[in-house]
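**Student:** Provided herewith is a single structure, encoded as structure tokens, for subsequent inquiry.
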Amino acid sequence: MRYKLTTFLLLLCCLQVHAQQRPYYTQYILNDFIINPALAGIENYWDAKASHRHQWVGINGAPVTTYFTIQGPLQTSGFARETPVTVHSDEENPRGEAYYQNYKATEPHFGLGFTVINDATGPLNRFAASGTVAYHIPVGEKTNLSGGISLGIQNMRLDVSQLDFGTQYPVDPAVAGSGYLNRVKPDINAGVLLYSADYFIGLSAQQIIPENLSYGNKITHDTVVLVDGKLIPHLFLQFGYRFLLGEDINFLPSLTFKYITPLPVGVDINAKFQYRDIIWAGGSYRPNDGFAAMLGFNISSTLNFGYSYDFTTSQLNTVSHGTHEILIGFLIGNKNGDWCPRHVY
């Protein structure tokens, strides 16, 4: 399959294409920090996550996304509280009824984070790195509010060597020059989060400052001229609530609404079941796009693992073998021995 320059440029920059400029994720319910910077420092330990996503397996040049994030509190001594319900136990569920009864809002504290993302689609590549600062405050006995901002850079690049126009016209004038798409732009994201023991409401924005991006050339009356595109904001609104189904099982349904002008609002419908603090399973549905199945294990108080498989219900399913995503988490400085987050993610 030959890469078509126009197709991939449109995937990146054209406002009419029905896709987003930022990568998709399925397991963001395990690492919502990748969407909302307000989560930095939400736990009493540092949480490092590494993820690799291969979308639409079987399609040459399909998106491949790899990221690493790390986030945690600036100081733990002010709000880390070791109680019987924050430590893994074989006798009782650490996220059972006692957890809800004893839950208290966090004390005011800062959180920090760092993110590195590499997102490749055929000859196009986006690399981004950003640092995050967040602040958490109590707004009730059991309710917390946080706000966060991420500042960084992103590099948009096209590898011309991967383009093939055939033997009759081996060189296209639009890409004959070098470096026509190798741009470094600022990357600014922000978010707020209201959360407690059993619910969360989050609002976040990625790429909040629109940036012009010169992405190629077009030929008009035998003259090659520059064409401008634009990096546009991505908005996310999220809701989630945790139900206790018996003493050992938690059920967490959640919704994520996505808005990217001028596209219609998209929605992810998610559900996650967790047995004690050991194993969880879940699913996700994107109307008119597909659904996903997820499975994960908390191997210890320092290591966890998740896997998801996306099945596409659109016309892409005739050529795609689905989407695979793996996620590995490391809990650093977890002095209380938590096997899973105290909060609803």
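Results for (1) surrounded by 15 or more Cβ atoms within 10 Å (Cβ to Cβ); (2) assigned to a strand (DSSP E or B); (3) modelled with pLDDT under 70, shown as yes or no for each residue.
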{"position": "R2", "(1), (2), (3)": "no, no, yes"}
{"position": "Q21", "(1), (2), (3)": "yes, no, yes"}
{"position": "Y24", "(1), (2), (3)": "yes, no, no"}
{"position": "E43", "(1), (2), (3)": "yes, no, no"}
{"position": "G58", "(1), (2), (3)": "no, no, no"}
{"position": "T66", "(1), (2), (3)": "yes, yes, no"}
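**Student:** Just to be sure before I move on: is G322 surrounded by 14 or more Cβ atoms within 10 Å (Cβ to Cβ) and modelled with pLDDT of 90 or more in the structure I sent? Break it down stepwise before answering.
**Tutor:** On the way: surrounded by 14 or more Cβ atoms within 10 Å (Cβ to Cβ): yes; modelled with pLDDT of 90 or more: no.
Criteria not met by G322.
**Student:** Could you tell me which residue of segment 137-156 is farthest from P186 (Cα to Cα), considering only residues that are surrounded by 15 or more Cβ atoms within 10 Å (Cβ to Cβ) and either in contact with a Gly (Cβ under 6 Å, 6 or more places away or on another chain) or of a type in the set (G, A, S) (or both)?
**Tutor:** The qualifying residue farthest from P186 (Cα to Cα) is S146.
**Student:** May I ask you to list pairs of residues, at least six apart or on different chains, whose Cβ atoms are under 8 Å apart, with the first in segment 242-256 being within 20 Å of Q27 (Cα to Cα) and modelled with pLDDT under 95 and the second being of a type in the set (V, I, T) and surrounded by fewer than 21 Cβ atoms within 10 Å (Cβ to Cβ)?
**Tutor:** As it stands, the answer is R242/V344; L252/V344, since those pairs meet every condition given.
**Student:** Let me ask something else about it. Does T121 satisfy the condition of being polar (S, T, N, Q), buried (at least 18 other Cβ atoms within 10 Å of the Cβ) and at pLDDT 85 or above?
**Tutor:** Yes; evaluated as a whole, the condition is true for this residue.
**Student:** Given (1) over 18 Å from N31 (Cβ atoms); (2) of a type in the set (G, A, S); (3) at pLDDT 70 or above, identify the lone condition not met by G337.
**Tutor:** The failed condition is (3).
**Student:** May I pose another question? Of the residues E92, E107, only one is modelled with pLDDT of 85 or more and surrounded by fewer than 19 Cβ atoms within 10 Å (Cβ to Cβ); which?
**Tutor:** Criteria check complete, one pass: E107.
**Student:** Going through segment 247-289 one residue at a time, which ones are assigned to a strand (DSSP E or B) and basic (K, R)?
**Tutor:** Once the filter is applied, which keeps residues that are assigned to a strand (DSSP E or B) and basic (K, R), segment 247-289 yields K258, K272, R286.
**Student:** Kindly evaluate R276 against the criterion of being crowded, with 16+ Cβ neighbours inside 10 Å, under 19 Å from N31 (Cβ atoms) and at pLDDT below 95.
**Tutor:** no
**Student:** Let me ask another. Restricting to segment 187-228, what's the tally of residues that are part of a strand (DSSP E or B), charged (D, E, K, R) and modelled with pLDDT of 60 or more?
**Tutor:** Count: 2.
The values are calculated or read from the model by the stated rules, or taken from the named source; none is laboratory data. On a predicted model such as this, the values are computed, not experimentally measured, just so you know. Cβ atoms come from the backbone with ideal geometry, glycine included; neighbour counts cover every protein chain shown.
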